[in-house]
Each structure stands twice: as structure tokens, then as C-alpha cells.
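Encoded as C-alpha cells, the structure appears first; notes follow it.
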Amino acid sequence: MKRRTALKALGFGVGGAVVLTSGGYGAYYAAAKQDTAGRIAFDKALPVPPLAESETDASGARVFALGIRSGTTRFKAGPATRTWGVNGTYLGPTIRARRGERVAFAVRNGLDQDTSLHWHGMHLPAAMDGGPHQVVRAGETWRPRWTIDQPAATLWYHPHVHGSTADHMYRGLSGLFIVDDEGVEASKLPSRYGVDDLPMIVQDRAFDGDNQFEERVPLGGALGVIGDEVLVNGAIGPYVDVTTALVRLRLLNASHARLYHFGFSDDRTFSLVATDGGLLARPWNTERLYLSPGERAEIVVAFEPGERVELRSHPSEYGGTLGRIDGFDDRLDICRFRAAATLSGGTEVPSTLGTAPDLAGEKAVRERSFVLASDRINGRAMAMDRIDFGVREGTVEVWDVVNDNGFPHNFHVHDVRFQVLTVDGGKPDPHLRGWKDTVLLAQGKHYRLAMRFGGHTDPNTPYMYHCHLLQHEDAGMMGQFVVLGDGEKVGTVPRSHHHA
Ligand code: C2O
Ligand code: CU
Ligand code: CU
């Protein structure tokens, strides 16, 4: 009955339906509405994931050693939680590399089961992608390598074993991968990692009475696990001591299903400066920003000396009546910012940043349509040995994507960045005008996405496209494509497609 007390303590709103059922972990409750505004202690400094160390090998590549392991992590008073991590017990280090650099990894799987590490947002050969076909067996080491060949952006890494992605990520396997380039270095954005340039890996988790992670799927919920506590970089209710007038936050929604509607407790305006694939052409000032699972955003926030304000997720307009069950109406306090009496540094957000996507004027050689409904894409569930189609190197395609059932989905494509050309025929909202690799699909609306393929071809090794709500992805809302060189035909996925 501990949950009942917890629900009370969290102050569930009047009229919030509380449903009782008995599940695998005993009784659990799903509340249709949760409100933690003003109820979080914020008594723990925000942990900043360390930057991963690397060594340069004989070929000039920077080699990163990543060890995946299990352990325990203390999130709150009482017993420690059994978790997984990379070079630690929960989450992983931030990998940082510049455009043009050669990178190599020794990914050692220290678990007692197979897993993988996928580099979400990275343009790279399919065999290095870390998806369902690059499983790293228990006890083995996988050694991908490639040259960073894309503009500065906040990317991330996470497991991608077909059917188990949700489970592996829930235990803690995720980290950031920051790509730098000359443009971002010249941009004058706040850039001191851990000081005025802060990674924020946002996740929701549910704990059982023993402080262990509980996969709480709300009764009647359609999206999978929805936790009632929000962690940033592995800390519940952290604070940040702000020392500069401007702070850049690299927000990552690393949750399974939760949609965050970011804003601040005083509704202040902040500047969106980058989306999944890199810098916007110019900042967009807003009070609210949606991030669905897998999406990233870089924002710059201005602070006044001595003030306090919380980063908060506000109730959202998505989800309809059913969405209440999946947390769409929740109001969640996430992190407190405590500004010092004097703040250093500039106060102006640079007015020009990167380059706007430029695919609208390109001739698309091919249009494809993708209908997402009932854990299927175009009526088909993901099959490891079926390559759904091949795209031609060097060409631009336009994909028309629609969420055709009653539940929220988003859409992520591996290997490429895309431009949202139109949403239901209209100009996309400002936050969708930069480069993206994951996009939230409002129900029934057609998203036309333009992307250019190429750089790496392989007729036999597919990249994925899928809904990034992990339960949907694991259940089969995913497909596979290959990038073909001149004259190549779609090949066959090798039978045992594990690493060499
Ligand atoms: Cu974030 Cu297919 O991945
Ligand atoms: Cu990905
Ligand atoms: Cu989905």
C-alpha cells in the first residue's frame, strides 16, 4: 500500500482517477493526473556526466572504451536500485568529437545478456549503427569506427536490441554524443561544459517499495511505461547553481513514452537554438517546447542575479481524453535553477546560428508513404530478415508520414537528418524548421519529410525507421531500409548478423 501514500504525498489533482489493479509487482496504481509543481525538494546538485576519455590509435582515430555493466545506484533514501550503466552504474559518459575526426569504440558488453549501442542521429555506415543487427553478445567487445561527417549537434546513444530496447534503456543505458564543428565554436553560444552548457538527460522512472525500478504501465495506457518521478542525469529533483547570465541546456527526452512540454515555472521566454540535427538558422523565442522520446533540443535561458526558477513540464494539448492516463495532463517540476548574486558573461543570444535545411527546392526522386497504426507501419510489423526498401545514394526522397490511430507516435529515421517540409500542407511550427531526426506526429496529420541519402552504401545491412515510443518500437512499429550505390539492388540480411 506504499503507492497510495506516495500518490497522496505527490498531491494528485482533484478528479484525477486512481485505478487499482494487481500486476506482476503486486498492486499498482495509475493516476490520470499528477502534479508535482512546488512539491519537489531540489536538494541535490545536478550531476554532469563526465566527458568520455579517448586514446589516439596508430591510424589517428580517437578510441573510446565503453564498458556496459550492471551495478547499483542510489537515487533516494533507502535501498540502492539495481541498474545498468556505461563506464559506471547508471547512464554513460558524454562522448564528444569534432566533425572530420575519426572515432573508434571498444564497446564491451559486461552484462549476462546480449545488448547493443546505437548512435542516435549519427550519419555513419549501417554496419556501425549499433541497431538490431549489431548485437554485442554477453562478454564480447564490438569495435565500430567511422569518420564524423555532419554538423555540430547533440546526439545520443542507447541500446537497440529488437524487442528489448525498452527494457535495456529503462535500466539505465543511455548517454549523450556531442558533435562539434567550427560553426558552433564560432557561434558564441555558451559552451563551457558543466558550467554554462549543461547536458540534461530527462527520464521518468517508477520505483517499487524496495526502491527498484518498476515498469509501470498505466491501466488502460497505450504508450508503455510512464514513471511518476523525473530524473535529470540520473538525479531526482536536482538543482543547478547558475553563475552566468546565459545558460545553454542540451535537453534529451530519454524516456520511454512520456511527452515533455518544457517551460519554466514563471513562464519565462527562452531561446531554442538547436534541434536534433544541429543549429537553427536563428534562435526562436518561446515559452514552451515539446520533446517526445528520442528528440533533443538546445535552449538558451537568461537568468537574473539571485533568482530561482524551475524547469517544468506543463500539461500538453496532445493525447486527448485517453492521454490523461499516459501522463499528458501532468505538471512536473524537473530541475531548479539558483542564480548567484552576480552573474558573469554576455547577455545576448547570438542572432544568427547555423544553416537552415535546404531540401525544399530539391527534386525528390521518390515519394513514400508511411502509416503508423496498431504497432505496425503500413500494416507490417518489423521483421529482422525483411528489408522494406532501398534508397539510392545521392538522392533526395520525400516521406509522407501519418499517425493513423488514436494514440501518440513519433517517427525516427536512422543515418539521416530530415527537413519537415509541411505539416498537413502547411508550414511547420518554428521548432520543426531546423534539422530533425525524430518528429512527434500529431494525430491524423501528414508530415512530409525530405532527406538526402548517401555517403555510405551497403545493400545487405539495413538502417531502421520507427516510432521512438519504446513499447511500440519493441512491438514492431519499425521497418528497415538500405542505402544502395549505383547499380546495386536490395540484398539479403545475413542469417546470423552479429558482429564479426
Ligand atoms: Cu534512438 Cu532507432 O533509435
Ligand atoms: Cu536512431
Ligand atoms: Cu508509437
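Just so it is clear, none of the values below were taken in a lab; they were calculated from the coordinates. Quantities reported herein were computed from a predicted structural model and do not represent experimental measurements. We place every Cβ from the backbone using ideal geometry, glycine too, and count neighbours over all the protein chains shown.
Points worth noting:
- Close Lys pairs in the chain (alpha-carbon distance under 16 Å; sequence gap of 8 or more, or different chains): 5.
- Segment Val490..Arg98, full-extension length gain: 137.8 nm, with 0.36 nm per residue of separation and the alpha-carbon distance subtracted.
- Distant alpha-carbon pairs in the chain (separation over 43 angstrom), percent: 10 percent
- Evaluating 6.51 cos²θ - 1.76 cosθ + 1.60 at θ = phi - 60° for every residue in region 327-343, the Karplus couplings come out as x, 5, 8, 5, 10, 10, 7, 10, 7, 9, 10, 10, 7, 5, 5, 10, 10 Hz, glycine and proline recorded as x.
- Once both labels are positioned 7 Å from their Cα atoms along Cα-to-Cβ, the gap between Asn285 and Val365 label points is 4.4 nm.
- Backbone geometry of region 118-130 corresponds, through the Karplus equation with coefficients 6.51, -1.76 and 1.60 at θ = phi - 60°, to 3J(HN,Hα) couplings of 9, 9, 5, x, 8, 8, 6, x, 4, 5, 9, 5, x Hz, x marking Gly and Pro.
- Taken one residue at a time, the phi angles of region 304-319 give Karplus couplings (6.51, -1.76, 1.60, θ = phi - 60°) of 9, x, x, 7, 10, 7, 10, 6, 9, 9, 8, x, 10, 8, 7, x Hz. Gly and Pro are set to x.
- Gain upon complete extension [Ser70, Glu185; 0.36 nm per residue less C-alpha separation]: 37.8 nm
- Distances between placed amide hydrogens fall under 5 Å for Thr461 paired with no residue 5 or more residues away or on another chain.
- Given R0 = 41 Å, the distance between the Cβ atoms of Thr352 and Asn378 translates into a calculated FRET efficiency of 0.50.
- Largest-first principal axis extents, alpha carbons of region 49-186, Å: 47, 32, 27
- Fully extended contour minus Cα-Cα distance, from His446 to Lys44, at 0.36 nm per residue: 140.4 nm
- Modelled FRET efficiency - R0 41 Å, Ala37 with Gln113, Cβ distances, 0.05 increments: 0.55
- Placing +1 on each Lys and Arg Cβ and -1 on each Asp and Glu Cβ, with no other charges, gives the chain a dipole about its Cα centre of roughly 600 debye.
- Interchain or long-range residues, amide H under 5 Å from Glu101's placed H: Ile148
- Taking amide H as placed 1.01 Å from N in the peptide plane, the amide H of Leu66 sits under 5 Å from that of Ala106, Val107, Arg108, each at least 5 places away or on another chain.
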